[in-house]
Amino acid sequence: MTSQGALRAGAGLVEVFVPEEIYEIVADAAPMESMVKPLKSYRDLLKEKTDVWAVGTCLGKSRSAEILELIRKSEATHGD
């Protein structure tokens, strides 16, 4: 849903980063215009060159600490 929203809003390139274990499921369901990429860890997103991140629904609780750490590190690196 988040990738569809980004595409509708006019994003030029939409990359969907997901844990490796659900890559195939998401790749089959994602809009054709988006690029689905598997991740071992959400921490790997800090290595990606991005202009904007959109955090989607259905993240679950199992990786919440990892997501919060990613947000904190991103703010420290890219914050104003």
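The values are calculated or read from the model by the stated rules, or taken from the named source; none is laboratory data. Only a predicted model underlies this, so the values are computations on that prediction, with no experimental measurement involved. Positions of Cβ are backbone-derived with ideal geometry, glycine not excepted, and every protein chain shown enters the neighbour counts. Side chains included, ligands, DNA and RNA excluded: accessible areas come from the protein's heavy atoms. Shrake-Rupley method; radii C 1.70, N 1.55, O 1.52, S 1.80 Å.
Below, the figures for the structure above:
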read-out: Dipole magnitude of the chain about its Cα centre (Cβ charges: Lys, Arg +1; Asp, Glu -1), debye to nearest 20; value: 180
read-out: P(r) histogram, all alpha-carbon pairs of the chain included - 10 Å bins from 0, percent; value: 16, 51, 32, 2
read-out: Loop-resident sites, the chain, for trypsin sites (Lys or Arg not before Pro), counting at most 10 other Cβ within 10 Å (DSSP); value: K40, K49, K61
read-out: Dipole of the chain, positive end: most advanced residue of W53, L7, M32 [Cβ charges, Cα centre]; value: W53
read-out: Residue-normalised accessible area of the chain, given per residue in Å² at a 1.4 Å probe; value: 78
read-out: Residues whose placed amide H lies under 5 Å from that of V36, excluding near-sequence neighbours; value: V16
read-out: Proximal aspartates and glutamates relative to K37, as straight alpha-carbon distance under 16 Å, when same-chain residues fewer than 8 apart are discounted; value: E15, E20, E21, E24, D28, E48
read-out: Percent carbon-and-sulfur accessible area, the chain, ignoring ligands, DNA and RNA, probe 1.4 Å; value: 54
read-out: Principal axis dimensions, the range 5-45 - Cα atoms, whole angstrom, descending; value: 29, 22, 12
